[in-house]
Amino acid sequence: MPAYLDYNATAPQRFEVIARMQALQVEPLNPSSVHAYGREAKKHLEQSRKAIADIIAAWPNEIIFTASGTEANAMALRGFSGRRVLVSAIEHSSVLKARNDVTPIPVDARGIVDMAALDALLSESTTPALVSVMLANNETGVIQPIREVAELCKKHSALLHCDAVQGVGKIPVDFGVLQADMMTISAHKCGGPLGAAALVLRRDLAIAPLITGGGQETGRRSGTENVGAIAGFAVAMECAANREHMRGLRQWLDVMELEMLAQGGVVFGTKAPRLPNTTCVAMPSVSNEVQLMDFDLKGFAVSAGSACSSGRIERSYVLAAMGVDKDIVGSAIRVSAGWQTTQNDIIMFTECWKQTHSRLNKAPK
């Protein structure tokens with residue numbers, strides 16, 4: 001199998017997660033049932049809720065389990081009617097497309113939200129707004145100043161939602177420190193299973209449910225909870241809380257970036273704080289489609305950005321919002337490492353990138 005360098009799309013499940021889920025999947029786990037099996041399922045559910053809450057410094061009753069980060073984002077943006085919705089121009093498509101009436105907040109050339117523009121947008125709103133700004137970008141790894149955004153939102157009586165999906169396990173994610181009113185997290189980005197995520201909702205806020213029916217999650221999200229996946233979610237969060245490996249990844253990627261820059265590569269977001277596992281780099285004059293095919297054939301799994309485009313490779317609206325020339329945008333790829341990545345993986349990919357760059361830039365156009 002190829003060396004996997006696409007962790008921002010999904011991370012391989014951790015061995016501890018698989019073991020925990022296998023142990024639970026043999027039982028009929030419906031926490032709404034009143035018999036002994038149901039009580040046991042409820043116990044596992046609430047233990048997982050508390051474990052996740054402790055890791056992100058939230059209260060257990062602030063955790064609303066969902067089936068995906070996309071669902072949690074949609075719930076946050078649709079759950080407060082009558083508010084103007086402002087979202088950063090570099091948000092994940094699940095935020096940008098959660099409603100058809102969002103107003104984009106511009107970002108600067110570093111990929112950081114333009115605070116003056118946000119202040120102006122909030123000032124012109126006739127009613128309190130709902131703002132959504134991600135903690136870290138999935139393509140560039142650029143980290144946003146969420147605490148500052150929160151302070152500005154409070155000044156204008158606006159609510160703040162933060163998509164923190166890419167942050168968990170890579171940087172500290174503390175709900176209290178960030179001061180957001182809502183926050184999205186997801187299991188499969190940090191080594192947990194697909195199908196488990198959560199919206200963290202400040203406990204004094206009431207939200208209109210996106211899914212109604214059985215009244216699970218204290219009426220805020222109906223549907224039988226996936227207890228096995230949620231337990232795996234909690235284990236993944238516990239494992240990811242140790243970020244020692246992330247510090248090594250950043251050092252290895254920094255060396256990789258220097259070698260790419262020396263050969264004519266363009267690395268994005270270098271003037272802003274970034275995730276320790278992410279590099280977004282362009283190979284000028286070589287399309288990202290050609291690069292991805294070449295790297296795949298040589299045994300490296302990387303991407304051209306978000307994995308939520310039904311397999312299509314599209315030009316990055318994130319880089320476009322940062323003012324990057326469209327020709328450069330079309331030559332950008334993302335390298336995202338994780339818990340199984342070794343230093344040798346990065347060294348070997350760096351050599352592959354340089355060889356591909358030399359060969360394709362010499363090819364007749």
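What follows is calculated from the coordinates using simple rules that are stated; it is not laboratory data. Quick caveat, the model's predicted, so the values are computed rather than measured. For neighbour counting, all protein chains shown are included, and Cβ atoms are generated from backbone atoms with ideal geometry for every residue, glycine included.
Computed quantities for the displayed model
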quantity: Residue of H44, H161, H35 that the Gaussian network model of the chain assigns the largest fluctuation, springs spanning Cα pairs under 10 Å; calculated: H35
quantity: The chain, helix-only ellipticity at 222 nm - DSSP H runs n ≥ 4, -39,500 (n - 2.57), divided by all residues, nearest 500; calculated: -11500 deg cm²/dmol
quantity: The chain, dipole about Cα centre (Lys/Arg Cβ +1, Asp/Glu Cβ -1), debye to the nearest 20; calculated: 220
quantity: Length-normalised contact order of the range 15-240 in % [C-alpha pairs under 8 Å, at least 6 apart]; calculated: 27
quantity: Gaussian network model of the chain, Cα within-10 Å springs - most flexible of G269, G192, G69; calculated: G269
quantity: Backbone N under 20 Å from the M1 label point (7 Å along Cα→Cβ), restricted to the range 247-282; calculated: none
quantity: Global geometry of the chain, whether rounded, prolate or oblate, following the gyration tensor of its Cα atoms and the 1.5 cut on a/c; calculated: oblate
quantity: Sorted peptide list for 6-15, 72-81, criterion being average Cβ within 10 angstrom, highest first; calculated: 72-81, 6-15
quantity: Ranked W353, W59, criterion: other C-beta atoms within 10 Å, fewest first; calculated: W59, W353
quantity: Average Cα contact separation per residue, the range 56-118, under 8 Å, 6 or more apart, as relative contact order %; calculated: 25
quantity: Charge dipole of the range 1-122 about the Cα centre (unit charges at C-beta), most positive-ward option of F65, L86, A41; calculated: A41
quantity: Linear extension gain, D101 paired with L205, 0.36 nm per residue minus alpha-carbon span; calculated: 35.2 nm
quantity: Karplus-derived 3J(HN,Hα), 6.51/-1.76/1.60, for each residue of the range 169-182, Hz, glycine and proline x; calculated: x, 10, 9, x, 10, 10, 4, x, 5, 5, 6, 6, 8, 9
